[in-house]
Structure formats: C-alpha cells, structure tokens
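What follows draws every value from the coordinates through simple rules; no lab data is involved. In this text the structure is predicted, and so the values were computed from the model without any measurement. A quick note on method: Cβ atoms are made from the backbone with ideal geometry, for glycine too, and the neighbour counts reach across all protein chains shown.
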Amino acid sequence: MSKNFDLIAVSPHPDDAEIGCGGTLALLSEKGYRIAIIDLTNGEPTPFNDDPQVRLAEASKAAKILGIERVTLDLPNRKLLDNVEARMKLAKEFRRMKPKIVIGMQGMTPRASPDHYQSQLIFNAATFYSRLTKWEHMFDGLAPWRIDNVFYYYTARELFTQSQPLQFTVDISEHFETKKSALLAYESQFRAHSSYNPPIIDWLEGMGRFFGSLAGCKYAEIFYGSKIMTMNLFDYILD
Ligand SMILES: [Zn+2]
C-alpha cells in the first residue's frame, strides 16, 4: 500500500458512517487526505433487499461519491458481538492501513440494531489491540500501529444525551449535497422507510441543520473525542 491512511471511519453496516460523518469525509477527501470506511459487516439481510451484492454495489457507489476507499469485513450482520476474533479482524486492518485518526459510531441506539453498540466495543478494543507489542504472530506478522486520535460520530438514532469532554462540529454546508447523494446511493435501504428510519433526506436535513444551528453554519456534523486535546483554540479563532 502506497500511502498510510489519514482517517478511517468504522461502520457497523454500510451506510452508518455516511449518515454520521459523510459530509466530513467528503470535505477531507477533497482536501487531498486519504480516507476510508471500514464496514464491519455487509449489513445484510435487510427488510427491503434480497441480494447482498446489491448492498455492496451501493456501498462502493457511495464511497466513490465521497471520494474515499472502502473495506468490508466479513463479520456477521445482526449477530455482531464483541469478541477477540472481531477485535483482531479490525485491529489487523488498522495495522495494515496505519490511520492517523479513527472514528467509530457513538451511542447505544436502543431502537435500532444491537450491532451498533457492539461495533463500538469492537472499535475501542481494536484501537488498543492495534498498538500492542509482542503480538505480531497474532496479526500475520503486522507490526504494532499506535492510534492516538480516536473520535466518534453521531447518527441521531437515539436521544442526544452525550456528555463527553470534547465535542466539536465540522461545517459541512459545502458538502451536504455530496453526503445526500452518497446516502441516496443506498436505494435498497432508503427506498422505503420504517417507523425507526425516517425518510433519509428528512433525517439528514434535520440532523445537519440542528448541529449547524448550534455551530453557527448551515449544516454541521458533530464529533466526540475520547480525551481532552491539547489545542490552542485562541490561535485558530484569531488566525
Ligand atoms: Zn446500522
């Protein structure tokens, strides 16, 4: 692989990362950063789709629209559980792709798939497994890779109750249309909607405008940090 990845978003199913941070991924890719989504599962079966290949093709179309790369692991949809095997699979990708930043999904999402919360346990463990020394034999000889920049994206599949030490938004006003197109690539998921999935455009509009209104721009995505960062915000504001 020619160049290490700048940022990897980890998604339980193809479409979750796009909903949470698709605008930011498009923005960063346009700036020339190397970005990828790792899907833990292929997301299938789902109620309105009969062919897993269709979802894979949609996911690859969405990645193309955002200008990013994509890896789909073969962990089991609907039965995703945090275990050593799942952690190793994701950690292996981290060791291979060497990201500077990783972003996982945030929140329990009690009314949506239980895979979402399990994905976070796997994600947190994998960032740790990625850096462990004296374990190369467990990772096909891949050297440890340390990831200090761990963040979480928000999909509004639960109430907004987060109170982590670091929250920030990214202004995606210029990239909102790209995000919308990426999600509309998932025809099999959003052609029809159910009680827990509002029409996708309303969902993206509502969430984007809400965080945009808090941040003072038209559309924004919110992120949570896993630690308080050393950053001179005064410099950034005054610049
Ligand atoms: Zn999902």
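Among 70-77, 121-128, sorting by the average number of other beta carbon atoms lying within 10 angstrom of each residue, highest first, gives 121-128, 70-77. Charged side chains reduced to their Cβ positions (Lys and Arg at +1, Asp and Glu at -1) give region 64-138 a dipole of some 200 debye around its Cα centre.
What helices in the chain pass both tests, a Cα length along the helix axis of 15 Å or more and a mean Kyte hydropathy of 0.5 or higher, using whole DSSP H runs? Answer set is 16-30, 200-215. Our summary gives region 1-136 a relative contact order of 30 percent, counting only alpha carbon pairs under 8 angstrom and 6 or more residues apart.
Take the alpha-carbon centre of region 112-165, take the same for region 1-50, and report the distance between them in whole Å. Comparing the Cα centres of region 112-165 and region 1-50, I get a distance of 14 Å. Neighbours of residue 38, meaning other residues whose beta-carbon lies under 11 angstrom from its beta-carbon, give a summed charge of +1 when Lys and Arg score +1 and Asp and Glu score -1.
Restricting the calculation to alpha carbons of the chain gives Rg and Dmax of 17.2, 54 angstrom. For the pair residue 111 and residue 228 in one chain, pulling the backbone fully straight at 0.36 nm per residue adds 39.1 nm over the alpha carbon distance. When the pairs 92/227; 64/100; 79/180; 31/179; 180/218 are compared against a 19 Å limit on Cα-Cα distance, 92/227; 64/100; 79/180 fall above it. Rounded to the nearest 20 debye, the dipole size of region 7-238 about its Cα centre is 600 debye, using +1 on the Cβ of Lys and Arg and -1 on the Cβ of Asp and Glu.
Can you compute the FRET efficiency between residue 51 and residue 133 using 1/(1 + (r/R0)^6), with r the Cβ-Cβ distance and R0 = 45 Å? Round to the nearest 0.05. My answer for the efficiency is 0.55. The modelled label-to-label distance for the pair residue 31/residue 166, using points 7 Å beyond Cα in the direction of Cβ, is 1.4 nm. One decimal place: the segment residue 191-residue 61 gains 45.2 nm when fully extended, by the rule 0.36 nm per residue minus the C-alpha distance. Based on C-alpha pairs under 8 angstrom that are at least 6 apart in sequence, region 7-238 has a relative contact order of 24 percent. A Stokes-Einstein calculation at 4 °C with viscosity 1.567 mPa s, built on the Kirkwood radius of region 7-137 over Cα pairs, returns a diffusion coefficient of 87 µm²/s.
A dipole drawn for the chain from +1 and -1 charges on Cβ atoms has a positive end, and of 147, 59, 32 the residue lying farthest that way is 147. Suppose we keep just the DSSP beta bridges with both residues in region 7-238; what percent of those would be antiparallel, to 5? Percent antiparallel among DSSP bridges in region 7-238 is about 35.
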